[in-house]
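No value in this document is a laboratory result; all are computed from the given coordinates. Here the structure is a predicted model, which means the values were calculated and not measured. Neighbour counts are summed over all protein chains in view; Cβ atoms, including those assigned to glycine, are modelled from backbone coordinates with ideal geometry.
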């Protein structure tokens, strides 16, 4: 009887590890505020500092995978860059306006204009370098 429970526990742990590896468990960045079509102009386009907007969806594994890196960068760069996220399922008009046809998609804004766009999954180091290059 005990072997049966141990075998199930091992299977569940292996399943969790596999799901985590593919970004299917673990959640998206939770420390970054969400913006919507109603608040986008005020929070992003009229911001007094550069804004990095993460276009994502809850079902997107790669989007969830980059969440921790973005959380860390948001904390590190809080004085110089504002971070926000847009759920493309809830705000399809914003995704369409900025040509977001695949996610994850990071768009850096300054003075209400798009500075640069980053597609797909990258490392925290890569995101930091991209931001530094575009903030000079």
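Given the -39500 (n - 2.57) contribution per DSSP H run of 4+ residues, what per-residue ellipticity at 222 nm results for the chain, rounded to the nearest 500 deg cm²/dmol?
-12500 deg cm²/dmol
Note on residue 48/residue 129: beta-carbon distance plugged into 1/(1 + (r/R0)^6) with R0 of 25 Å gives a FRET efficiency of 0.55. For helix 124-135, report the angle its Cα long axis makes with the longest principal axis of the Cα atoms of the chain; keep it between 0 and 90° and round to the nearest 10°. Tilt of helix 124-135: around 0 degrees.
Highest mean packing comes first when the peptides 38-49, 97-108 are listed by Cβ atoms within 10 Å, giving 97-108, 38-49. When 56, 119 are sorted by how many other C-beta atoms sit within 10 angstrom of their C-beta, beginning with the fewest, the order is 119, 56. Bridges between two residues of the chain, per DSSP, are antiparallel at a rate of about 60%. Is the C-alpha gyration tensor of the chain telling us rounded, prolate or oblate? Criteria: a/c under 1.5 is rounded; beyond that, a/b larger than b/c is prolate, otherwise oblate. Taking the square roots of the gyration eigenvalues as a ≥ b ≥ c, the chain is prolate. Each of 32, 66 was scored by other Cβ atoms within 10 Å of its Cβ. Listed from fewest to most, they are 32, 66. Taking every C-alpha pair closer than 8 Å and separated by at least 6 residues, the mean separation divided by the residue count of the chain gives a relative contact order of 28 percent. Cβ-to-Cβ counts within 10 Å put 77, 15, 52 in ascending order as 15, 77, 52, the fewest first.
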